[in-house]
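Inspection log for the structure reproduced underneath, given as C-alpha cells.
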Amino acid sequence: VSGLGRVKLVDGTFRVSEVYLLDQEASQAHVTLDPQAVASLQGQLLKRKVPGSELRFWWHTHYNFSCFWSTTDVATALRLAGSSAEWMLSLVLNQKGYALARVDVVKPFRLGVDELKVNLERAADPRLKERCEAEVKRKVKVYQPPPLESPYGGLGGFSRPGLENHEPVNRDLPLAGT
C-alpha cells in the first residue's frame, strides 16, 4: 500500500501534515498509484490553495516484512524527487511498527540521506484504525498477476519440446580452464 502527503521543512525538521491514500493496484511486491487519482489530488490541493511544492512526501508499506529500500523503492524515490522540485521525503513502514525514512535532493545537486530519525505521532481518534482499514478496502485493488507462460509451453519456461529425450550432462568431462 502506498500514498503521498504534504510535508514542510520547519527549522531543519521535516513535518508531514497530511497523508493521502489514493486509488491503487497492489501486489505483494509492487504498487501502482492510479494516475487519475494523483491528478485529482493535485486538483483538490490547488482548489484549497495548497502549494504544489508541499506534495513531497511518498510513503509505502512493506506489510509484515522488514523496512528497507528495495531497488524499486530507490528508483521511485529518485523519480519522485526529480518530478517534485528540489527534494522528496520518503518513508517505508511495516505492521511491526518499524519505519525508515530518507530524503532525496535533486537541486542544486543530487544528494540522498537515509536513515532519518522518525517520530510518529499517534492520533487521539480511537476509530482511526477502523476508518483507515475501510479506506484501504475501498481504494486498494489487489493485483494477481497471471501465471508466467513460456512460448515453449508450460509455466516459466521449464518445459520445452525435446527435453524429454535430452541426454544428461557428462559430469566426467573437465570444465573449461581446469
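The values are calculated or read from the model by the stated rules, or taken from the named source; none is laboratory data. Just so we're clear, the structure is a prediction, and the values are computed from it rather than from any experiment. Here the Cβ positions follow ideal geometry from the backbone for every residue, glycine too, while neighbour counts run over all protein chains shown. Side chains are part of the model used for accessible areas, which takes the heavy atoms of the whole protein and leaves out ligands, DNA and RNA. Shrake-Rupley method; radii C 1.70, N 1.55, O 1.52, S 1.80 Å.
Got a sec? Which residues in segment 42-86 would a label at V1 touch, if it sits 7 Å along Cα→Cβ and we count backbone N under 14 Å? Answer for segment 42-86: 59-65. Among residues other than L33 with Cβ under 13 Å from its Cβ, the summed charge is 0 (Lys and Arg +1, Asp and Glu -1). Peptides 59-65, 42-48, 125-131 ordered by packing proxy, namely the average of other Cβ atoms within 10 Å per residue, highest first: 59-65, 42-48, 125-131.
With each label modelled as a point 7 angstrom along the Cα→C-beta vector, the V105-S83 pair spans 2.4 nm. When the pairs K47/K139; K117/K137; K47/K141 are compared against a 25 Å limit on Cα-Cα distance, K117/K137; K47/K141 fall above it. Annotation: per residue accessible area for segment 35-136 equals 68 Å², rounded to a whole number [probe 1.4 Å, protein chains only]. Relative contact order of segment 40-124: 24 percent, from C-alpha pairs under 8 Å at least 6 residues apart in sequence.
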